[in-house]
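Take a look at the structure below.
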Amino acid sequence: MSTRRIMRVADVAAYLGQSEPWCRGLLADGTIPGARKVRGRWLIARDDVDRWIDAGRPARDLADTVPYAPPPRIISRTVDRDAA
């Protein structure tokens, strides 16, 4: 009889050596198979993570999935107090 080791996002992040937001992104878009969201928390079986790693599927970096948008230009407006 084998016991399944269930991990949370922090456990998966530590196991993979990545950040929690990076792991949450992979979980949300289904890159890591077998993950379940229960009462608002991600639960992942370690066996599923190991199988995903062994399959050699590339992990998409969050920076590649979110399109880059430059920050908005800030235009300051000065008030000419003499022109009234």
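General remarks:
- Within the range 21-43, considering residues that are under 8 Å from the mean Cα position of the chain (by Cα) and among the hydrophobic types (A, V, I, L, M, F, W, C), the one surrounded by the fewest Cβ atoms within 10 Å (Cβ to Cβ): A28
- Some residue of the range 37-59 being modelled with pLDDT under 65 and either hydroxyl-bearing (S, T, Y) or not in a loop (DSSP other than H, G, I, E, B) (or both): no
- Every pair of residues 6+ apart whose Cβ atoms lie under 9 Å, when the first sits in the range 31-43 and is under 20 Å from D54 (Cβ atoms) while the second is acidic (D, E): I32/D48; P33/D48; G34/D47; G34/D48; A35/D48
The values are calculated or read from the model by the stated rules, or taken from the named source; none is laboratory data. As the structure is a prediction and not an experimental result, all values here were calculated from the model. Cβ coordinates were reconstructed from backbone atoms using ideal geometry, including for glycine residues, and neighbour counts include every protein chain displayed.
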